[in-house]
Every structure is written in C-alpha cells, then in structure tokens.
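Asks: Just passing along the structure, written as structure tokens.
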Amino acid sequence: MKLVLLSGGSGKRLWPLSNDSRSKQFIRVNHSNEENDQMRFSMLQKVWKQIKKAGLQQSAVIAAGRGQQELLLTQLDQDVPLVLEPERRDTFPAIALACTYLQGVLNTAEDEVIVVMPVDVDVDDDYFAELRALANGLAHAEDNLALMGIQPSYPAEKYGYIIPVPDPCMQQSLRKVQRFIEKPPAAEAEKWIKHGALWNCGVFAFRLSYVLRILEQNGWPTSYEDLIAQYERLPQNSFDYEVVEKEKKISVKPFAGRWNDLGTWNEWTEQMKEPMYGKGYVSKDCLNTHVINELNIPVVALGITDAVIVASPDGILITDKAASTGLKQVVQTLSMPPMYKEALYGWYTILHLGEPMGEHGSVTKRVHMYAGKQMSDQKQDQRSELWTLIRGEAKVSIDGKRFTARAGDAIQIPPGSNHSIKAITAVDLIVIQIEMRDHNVAF
C-alpha cells in the first residue's frame with residue numbers, strides 16, 4: 001500500500017485565518033492555548049503524526065501545489081516526499097501526477113494498491129487502520145476502484161453521498177456502489193441516509209496500473225518528467241468527475257469512526273477545548289461562543305450566544321455559528337493580499353501597505369525568525385529595505401560584509417545588494433522590515 005495525501009484548498013472557508021497562502025490544514029490553532037507558535041499543531045501536523053504512529057510514513061507522499069512547498073517543509077520533516085504540481089488544476093491531475101511519481105521515482109510496482117486521502121481531516125487513529133483494510137480489501141477484489149464512505153451523523157448538504165447496494169447481512173467489508181448523489185438538500189439527504197447512504201469523504205483506493213492505464217488510453221504521458229512538462233494538457237477536473245463517476249466496477253467500505261473535515265467555523269470550534277484562544281476575554285454568559293485571536297490586542301466578548309469571533313492580520317470575522325457555512329461566498333468578493341505568511345525561517349505579518357504611487361510605495365512587516373534560523377541570501381533590484389531589530393541578535397551579511405546586530409539597531413539595505421540575516425541567540429529574533437520601492441528614498 002502507498003498513501004497519497006492531497007494538500008489542496010483555496011483558504012476561503014476559514015477566513016480570516018486561512019488565505020491563499022495558508023489553507024485550513026496549515027492553521028496552527030488545534031488543541032492548544034500555548035503562546036509559543038511552535039507549540040501549536042496544525043491539522044497537517046496532527047495527521048502526519050498519526051501516519052507515523054500507524055507506521056505509514058515510509059509509504060506516504062504529499063501532492064500539493066508549488067506554492068505550498070515552503071509551508072509544507074516548515075511544518076513537516078524536511079525529507080517528506082513532495083509531488084508538486086507545476087500549476088493548480090484539480091484532484092485528477094494531482095493524483096495522476098502522484099501516480100507517475102510513485103512509478104518513475106519511487107519504483108512502485110504497478111499492482112501496488114494506492115490509497116488517496118485529503119490531508120485536512122480530523123480523525124482518530126482507527127481511521128488509518130481502516131485505510132489499510134480498504135487497501136487489503138481491494139487487493140483481493142475484482143473491482144478497479146474502492147472508496148471509503150463515512151456513516152453520516154446528520155443530513156449534511158455540503159457532502160456528496162454514496163449509495164451502496166443493500167447488504168442485509170452486512171458481512172462484506174466492501175459493498176458494491178449503486179449510485180452517487182451530489183450534495184442533496186437536507187430533506188433529500190435524510191431520505192437517502194435511511195436507505196444506507198454514506199458521505200463521500202474523498203478517499204480512493206486503486207491499483208497503480210489503473211490510473212496509468214487511464215493516462216495511456218487518453219494519450220497523456222505516463223512518465224513523471226513528461227507529465228510535468230505537459231501538465232496543462234490534463235483536464236482541470238476532479239477525480240470524482242473524471243474517474244469515479246465513469247467506473248462500473250466500484251465498491252465502498254463504510255467507516256463508522258470519528259471523521260470531520262472541519263470545513264466551517266461551526267465545526268472547527270467544536271473541537272476547541274477552551275472558548276478563548278489568544279489574547280482576550282469571553283464572559284461566562286457567552287453561551288457556545290468561541291473567540292480565536294491572532295492579534296496582539298485583546299478581543300472581549302460579552303453576553304453573545306452561538307457566535308464565532310476570529311481576528312487575524314487578514315481581517316475580523318463575527319458570525320453566528322449556523323451562518324458560517326456561507327462564509328466562502330462572501331470572502332470571494334473581497335480582494336486583498338494575504339497579510340500573514342509562514343516561511344522556513346519563521347513567519348511574518350504585514351503591518352502596513354503603503355499607498356502605491358507609480359513606482360513608489362512601501363510595505364511594513366513584522367518578521368518573526370526562530371532561533372538559529374536564517375533568511376536565505378537574496379537580492380532585490382527594485383527596492384530598498386530598512387531592518388530595525390526589536391528583539392534578539394543576528395548575524396547580518398550585506399554584499400559580503402558580515403557583522404552582528406542587536407535589538408535597537410537599524411540596518412539599511414541598498415537596492416541591488418545581496419543580503420541575509422540569521423538569528424543567533426536562544427530567543428527568537430523579531431525585526432520590523434520596511435520595503436521601499438523607490439530607489440531614491442533615503443531612510
């Protein structure tokens with residue numbers, strides 16, 4: 001068995017913590033009230049820890065867009081195999097590329113069973129034992145494709161449904177699929193649940209040769225290098241649309257354990273241990289209300305019921321929990337660059353975006369660099385920079401000149417110079433960085 005973890009997401013459903021550079025699997029607010037950012041665990045980190053516990057890390061690869069590479073390496077082991085899409089398309093191209101990587105780079109046998117799962121799920125450890133059972137069941141079956149179906153806990157409208165062929169004895173681990181229902185209204189979903197319908201959770205199992213054969217039949221490359229070069233030729237479709245809905249020899253394995261994709265703030269707050277995360281106060285008469293605050297200013301909630309309040313550098317959200325399901329449509333109308341981003345050296349927040357005036361303009365950032373980490377050597381021809389150290393000490397290099405800087409020092413970086421900075425003390429380094437696009441501006 002090989003495991004492909006799909007790391008996608010557009011960062012709209014959990015705004016303002018998620019954005020175009022930080023999808024929900026990367027948000028570090030799970031199960032912790034620690035102030036130290038390195039002590040918080042994201043969904044991605046939790047799932048990878050469970051994969052290690054299940055002994056599957058040597059069999060796993062992560063399929064993601066190139067824009068997520070640095071964030072993946074920041075949160076996981078540096079040697080985690082990454083299959084990076086040259087451009088974002090959809091789950092079918094991503095899975096196809098991962099399959100050619102498994103064959104061409106990892107030399108995986110064509111009869112090996114591949115299990116694909118989304119990386120952004122909140123599950124217990126038994127989920128991964130069921131993935132093994134799913135792969136084992138398909139290995140001994142005549143089906144081309146097997147899915148995992150979740151026993152519904154309520155008639156959700158946001159999931160597709162799998163309708164298995166009735167099995168009165170319930171003795172088969174894999175049940176034949178009768179049909180699919182795409183995101184029905186709640187009343188219709190409730191009827192289908194009474195007939196044994198399962199949530200489609202995006203878990204697929206197939207033999208490696210199955211996807212390679214689909215590529216061959218459609219005239220697409222099966223070589224990893226060639227497929228990367230011709231990636232734009234692949235249809236921008238989901239794996240469900242391109243493969244699952246067309247397959248006749250298909251089965252499903254029901255799963256009755258805990259499963260949640262935490263796709264809304266309502267669901268996300270259900271797994272929070274405390275009503276307050278970050279700086280602030282929630283009064284005792286706030287019933288079923290949660291506050292998540294990434295800012296360095298307090299947020300106070302008094303007498304509010306069934307609400308979610310989220311504050312981050314990207315914005316502030318105040319919503320009734322039931323209404324949070326409509327957040328994605330609202331956020332799509334907003335146009336603003338991400339104000340928070342993680343990097344290999346730490347993270348930064350944008351404090352101020354100056355008004356652009358032709359080629360002029362400025363950006364002010366608060367850069368948080370972990371102790372011992374370094375911002376790699378870089379060069380900007382079109383802007384000057386001013387670094388002011390707020391905390392810690394750093395080794396600075398500008399065009400080969402090296403020196404030590406301490407809290408209170410201000411360092412000017414002329415345009416076109418090669419420069420780097422490294423945190424050298426036990427405490428994390430904090431720098432206020434001002435970027436100026438006009439070469440002639442003196443600080």
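Throughout, read-outs are computed from the coordinates displayed, never taken from laboratory work. What you see is a predicted model, and the numbers here were worked out from it, not measured in a lab. Cβ atoms come from the backbone with ideal geometry, glycine included; neighbour counts cover every protein chain shown.
Asks: Which one of Gly219, Ala63, Ser324 has its Cα pushed farthest toward the positive end of the charge dipole of the chain, where Lys and Arg give +1 and Asp and Glu give -1 at the Cβ?
Replies: Ser324
Asks: Once you've got the Cα coordinates, tell me which of Lys53/Lys248; Lys49/Lys253; Lys24/Lys183; Lys194/Lys249 are over 29 Å apart.
Replies: Beyond 29 Å between Cα atoms: Lys53/Lys248.
Asks: DSSP H helices in the chain with Cα extent of 18 Å or more along the helix axis and mean Kyte-Doolittle hydropathy at least -0.5? Could the numbers behind the result be given before it?
Replies: Numbers: long enough: 91-104 (19 Å, 1.04); 126-139 (20 Å, 0.34).
Passing helices, by number: 91-104, 126-139.
Asks: From the C-alpha coordinates alone, can you work out the Kirkwood hydrodynamic radius of region 290-443, in Å?
Replies: The answer is 17.8 Å.
Asks: Calculate one ³J(HN,Hα) per residue across region 219-233 by plugging θ = phi - 60° into the Karplus curve 6.51 cos²θ - 1.76 cosθ + 1.60, and present them in order as whole Hz with x for glycine and proline.
Replies: x, 9, x, 10, 7, 4, 5, 5, 5, 4, 5, 10, 4, 5, 6
Asks: What dipole magnitude, in Debye to the nearest 20, does the chain give about its Cα centre under +1 on Lys/Arg Cβ and -1 on Asp/Glu Cβ?
Replies: Details: 48 positive and 55 negative charges, 90 e Å.
Charge dipole of the chain: 440 debye, to the nearest 20.
Asks: Report the gain in length on full extension from Ala139 to Asn418: 0.36 nm times residue separation, minus Cα-Cα distance, nm rounded to one decimal.
Replies: Extra length available between Ala139 and Asn418 comes to 94.9 nm.
Asks: In the chain, what percentage of the DSSP-assigned beta bridges are antiparallel, given to the nearest 5? Working shown, then result.
Replies: Details: 72 of 101 bridges.
In the chain, DSSP labels about 70 percent of beta bridges as antiparallel.
Asks: Relative contact order for the chain using alpha-carbon pairs under 8 Å, separation at least 6, rounded to a whole percent?
Replies: 14 percent
Asks: Can I ask one more? Take the Cβ-Cβ distance between Leu351 and Ala407 as r, set R0 to 22 Å, and report the resulting FRET efficiency rounded to the nearest 0.05.
Replies: Computed FRET efficiency for Leu351 and Ala407: 0.75.
Asks: Under 8 Å for C-alpha pairs, at least 6 residues apart: give me the relative contact order for region 45-94, rounded to a whole percent.
Replies: About 40 percent, as a whole number.
Asks: For region 269-333, what is the largest minus smallest coordinate of the Cα atoms on each principal axis, given in angstrom and ordered from greatest to least?
Replies: 34, 26, 21
Asks: State, to one decimal in nm, how far the label point of Gln271 lies from the label point of Val427, with both points 7 Å from Cα in the Cβ direction.
Replies: Calculated label separation equals 3.5 nm.
Asks: Now, a different point. Among (i) 46, 25, 18; (ii) 75, 32, 19; (iii) 43, 28, 19, which one is semi-axes √(5λ) of the Cα gyration tensor in Å computed from these coordinates?
Replies: Checked against the structure: label (iii).
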